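Here is the structure we will look at, set down as structure tokens.
The values are calculated or read from the model by the stated rules, or taken from the named source; none is laboratory data. Values in this document were obtained by computation on a predicted structure and should not be read as measured data. Every residue, glycine as well, gets a Cβ built from its backbone with ideal geometry; the counts of neighbours run over all protein chains shown.
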Amino acid sequence: MTTSLRPLSDSVLETWYRRLLLAYPGDYRRRHATEMLTTLMESAEPGRERPRPADVTDLVLGGLRQRFRVPGHRSLALAAAVLATLTFGAFGAAAGSWAGERTFAALPTGDAAKTLMSRIADGPVEPDASPMGGGPGAPILGASTGLISTPGWRFDQASDRLAAEGWTITRFTSRAPGDVGCAGDLLAVRHKVVLVADECVSESGETLVKAAFFAQRSDAYLPLTAGGAVLGMLAGWLLSAAIAYRMRYLSVLRRAAGSLLVAVGLASAALPVAALLGNAVQLLRHLGDHTNAVYTVHAPLKPYWSFDFGSSWTVPVLALGAAACAAAAVALCLRRSAMYRDQAPLAG
């Protein structure tokens, strides 16, 4: 039997207690709020206008405990809550990673990339400003010079020109005279942008220089990614608990439909979550590497990401499908049965 909360008085203390009881889930308040509020008011000293600190702590912690509690002892509901927590944590990390990538240094594109390449080599420059996917998730801008036939061109002179313009040369290898193949390379850094150039010589003596630019990881990236993961996990568990509570009031048919939506959503999210976690592992493995493109956690959600088991759209499409299933499950649970809808919530 459920009871609705009825006003007891207009006292300031009662208003405080009503607000504190909002820490509890709505279902719990509908069943116990009147009893709890009556007990709190009766135990308060005459004339008191604010709750005791101990009451505030007990009510807030009790409310949080109820919100994090999965109702009953249903192993399937608990398993779904754990999987949802991991799933939301992975997508939360991806959201934080996306926000963190917005703090990366801007990369040279178009004419700026062409100008930068002209500092390296004498010859026609054909920049390619399209992002490249694969393991490293940060956008990489590639550019190549075409064949260089300028007499007297030397890779070390390119290094000197870059150093004169403020680039810090962190690695430089010049090929020996007569060497063929890609024997020379250069790595330079300026304003959190890394330039990597390779010098390749064919057997006919023609020289080709290729370069790529990528942004180093910003200081804000890791905190934003970790914060997104924590918030995602909290949201996943709380949402799972709330859905489990509400599904108890659904009809058998709607409860089965809700369970099916949850199952399909978790199954659809399995591959995207695995891809996101894979990039997170690579990110941790290369934390100290500042000479290669950053492994961003959210890279698998980009349509140009390289994927071995399907098209580049496989992971984004599955992620959208999982989100659609989650939204449908929430919408289904929000359409309460007549019994649940007629019970008045606690007024604040």
Item to check | Condition check for G258: within 14 Å of the chain's Cα centre (by Cα) and surrounded by fewer than 22 Cβ atoms within 10 Å (Cβ to Cβ) | outcome: no
Checklist entry - When you scan region 32-90, how many residues do you find that are on the phi < 0 side of the Ramachandran plot and assigned to a loop (DSSP other than H, G, I, E, B)? => result 13
Next on the checklist: On the basis of being assigned to a loop (DSSP other than H, G, I, E, B) and more than 30 Å from L187 (Cα to Cα), does L250 make the cut?
Outcome noted: yes
Checklist entry - Yes or no: V252 without any contact (Cβ under 8 Å) to a residue 12 or more places away in the chain, within 16 Å of the chain's Cα centre (by Cα) and surrounded by fewer than 22 Cβ atoms within 10 Å (Cβ to Cβ)? => result no
Next on the checklist: I'm checking my understanding of the structure. Among residues of region 276-297 that are aliphatic (A, V, I, L, M) and either modelled with pLDDT of 90 or more or in a loop (DSSP other than H, G, I, E, B) (or both), which one is farthest from G232 (Cα to Cα)?
Outcome noted: A293
Checklist entry - Can you name the number of the only condition in (1) modelled with pLDDT of 85 or more; (2) more than 25 Å from Y249 (Cα to Cα) that R48 fails? => result (1)
Checklist entry - If you take the residues in region 37-65 that are under 40 Å from the mean Cα position of the chain (by Cα) and either of a type in the set (G, A, S) or crowded, with 16+ Cβ neighbours inside 10 Å (or both), which one is nearest to C333 (Cα to Cα)? => result G63
